[in-house]
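Novice: Structure provided below as structure tokens; questions to follow.
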Amino acid sequence: MTTYRYFSFDSSVERKLFDDTFVTALVDFLSDHLDDYGDTPEDIRRCLDYATSDAEGKGGAVLLALAADETRGDDVAPTDIYGAVVCNATGMHGYIPENILVYIAVRRDQRGQGIGQEMMKQVLEHLSGSVALHVEPDNPAKALYEKLGFTAKYLEMRLYR
């Protein structure tokens, strides 16, 4: 059985779980389970730091799929993580979506059970405003995003320096 916990980091209670030890474990989880579509651990940590920040213009949300264990209360062990979604607030409104879905990953031995779809549904229910994401054309998650109503409005181009 899987349970889902949403963290919007608008209270110290939600930030308490995300101490350095837990953030490190979540970075390791995402680094491992994003497969070919991930970033460096340093970039993942910066994304999590941004999502959990209470600084003006920053913030975001994390949704975790966890092994169900009712006796543990608020104490979550990194080994309990079945999946994670990380969204960053953009601080924009209207001309750029208010949120960007940065990471979604499901533990390999839990894939194919609907956890990714359920995480996406729940995070979209919680977020206010529009949501953008980037997805590689060959990423299997693209079909899930389209099923949930995401469309490709632009062709993204980048200049790397």
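Novice: List, in order, the whole-Hz ³J(HN,Hα) value for each residue of the range 51-67 obtained from phi through the Karplus relation with A = 6.51, B = -1.76, C = 1.60 and θ = phi - 60°; use x for Gly and Pro.
Specialist: Rounded to whole hertz, the list is 4, 8, 6, 9, 5, 3, x, 10, x, x, 8, 10, 10, 10, 9, 10, 4.
Novice: Among DSSP bridges having both ends in the range 72-161, what percentage is antiparallel? Round to the nearest 5. Walk me through the intermediate numbers first.
Specialist: Numbers: 7 of 10 bridges.
Given both bridge residues lie in the range 72-161, the antiparallel proportion sits at roughly 70 percent.
Novice: Moving on. Using only the alpha-carbon atoms of the range 1-114, report the extent along each of the three principal axes, biggest first, to the nearest angstrom.
Specialist: Taking the Cα atoms of the range 1-114, the three principal extents are 40, 34, 25 Å.
Novice: Per residue of the range 105-114, in order, report the coupling 6.51 cos²θ - 1.76 cosθ + 1.60 (Karplus, θ = phi - 60°) as ³J(HN,Hα) in whole Hz, putting x for Gly and Pro.
Specialist: Once rounded to whole Hz, the list reads 8, 10, 4, 3, 6, 10, 5, x, 10, x.
Novice: Give me a comma-separated list of calculated 3J(HN,Hα) values for the range 37-43, in order, Karplus coefficients 6.51, -1.76, 1.60 applied at θ = phi - 60°, integers in Hz, x for any Gly or Pro.
Specialist: Once θ is set to phi - 60°, the couplings for the range 37-43 become 10, x, 10, 5, x, 5, 5 Hz.
Novice: Using only protein heavy atoms and a 1.4 Å probe, report how much of D43 is accessible, in Å² to the nearest 10.
Specialist: 50
Novice: Accessible area of D36, 1.4 Å probe, to the nearest 10 Å²?
Specialist: Number for this one is 140 Å².
Novice: Using the charge dipole of the chain (Lys, Arg: +1 at Cβ; Asp, Glu: -1 at Cβ; taken about the Cα centre), state which of L66, S8, L124 has its Cα farthest towards the positive end.
Specialist: Highest projection toward the positive end goes to L124.
Novice: Can you tell me, using C-alpha contacts under 8 Å and at least 6 residues apart, the relative contact order of the chain as a whole percent?
Specialist: Details: 224 pairs, mean separation 33.2, N = 161.
Over the chain, the number comes to 21 percent.
Novice: Which percent, to the nearest 5, of DSSP beta bridges fully inside the chain are antiparallel? Don't skip to the answer; put the middle values down first.
Specialist: Numbers: 20 of 23 bridges.
Among the beta bridges of the chain, antiparallel pairing accounts for roughly 85 percent.
Novice: Of Y37, H93, Y103, whose Cα points farthest to the positive end of the dipole of the chain (charges on the beta-carbon: +1 Lys, Arg; -1 Asp, Glu; origin at the Cα centre)?
Specialist: It is H93.
Novice: Measure up K121/K153; K16/K58; K58/K147 against 26 Å on the Cα-Cα distance and list the ones that go over.
Specialist: Working: K121/K153 21 Å; K16/K58 18 Å; K58/K147 29 Å.
From K121/K153; K16/K58; K58/K147, over 26 Å: K58/K147.
The values are calculated or read from the model by the stated rules, or taken from the named source; none is laboratory data. The shown structure was predicted, so the numbers you read here are calculated from the model rather than taken from an experiment. Positions of Cβ are generated from backbone atoms using ideal geometry, with glycine treated the same way; all protein chains shown enter the neighbour counts. Areas reflect the complete protein model, heavy atoms only, side chains present, ligands, DNA and RNA absent. Shrake-Rupley method; radii C 1.70, N 1.55, O 1.52, S 1.80 Å.
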